[in-house]
Amino acid sequence: MRFIRFVLKRRDTDSGVEEGMFQVAYKLRDSPRVEASDRAVLAETLAWFEKNLETPSRLNRTKSKGFYRRKTRGIAWFKDSAIEHVARAHSIKLIVEQHGHHVLILSEERVGYVVHEDAFQIIAEPFADTRTG
């Protein structure tokens, strides 16, 4: 199985790896400088993801009581079997790139220490040799 991630060429301060495309997509959706038609597509597509993709309760491996205070280390990857999710992510990618953000698509077999897994995604703290951007 391969895992797929859509990233920008800038580091996220919490995880220390390249920022995921969805962070920018939410900002564009809420920006009055973005055309209404693009905002509508982003709103519809992001709402679909909110309905059809589980939000994990934690993004790090620690089992300590204060896990929520630690910097987030886990990053999200789509499973290659999540065909519709990946297709919809590509539609977001087009709009994000039209607004000046270059999006890279990563594909890896080994992504790290698993923190969360469901039918469509995996959240993992990356191994030292995992390509994250």
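The values are calculated or read from the model by the stated rules, or taken from the named source; none is laboratory data. None of these values were measured; they are calculated from a predicted model. Because the Cβ atoms are built from the backbone with ideal geometry, glycine has one as well, and the counts that use them run over all protein chains shown. Note: accessible area is taken over every heavy atom of the protein model, side chains too, but ligands, DNA and RNA are not part of it. Shrake-Rupley method; radii C 1.70, N 1.55, O 1.52, S 1.80 Å.
A few notes on this one:
- Tally, over the range 118-130, of residues that are under 18 Å from A82 (Cβ atoms) and within 14 Å of the chain's Cα centre (by Cα): 5
- Residues of the range 100-133 classified as within 30 Å of S37 (Cβ to Cβ) and crowded, with 16+ Cβ neighbours inside 10 Å, total: 5
- Close pairs (7 angstrom Cβ cut-off, 6 or more residues apart or separate chains): more than 15 Å from W77 (Cβ to Cβ) and without any contact (Cβ under 8 Å) to a residue 24 or more places away in the chain in the range 17-38, among the aromatic types (F, W, Y) and open to solvent by less than 20 Å² (accessible area, probe 1.4 Å) anywhere: none
- In the range 83-123, of all residues being free of Cβ contacts under 8 Å to residues at least 60 places away in the same chain and not in a helix (DSSP H, G or I), the one that is nearest to S31 (Cα to Cα) corresponds to G100.
- When residues of the range 13-38 are limited to those that are touching an Asp or Glu at 6+ places or on another chain (Cβ under 8 Å) and buried (at least 16 other Cβ atoms within 10 Å of the Cβ), the one modelled with the highest pLDDT: L28
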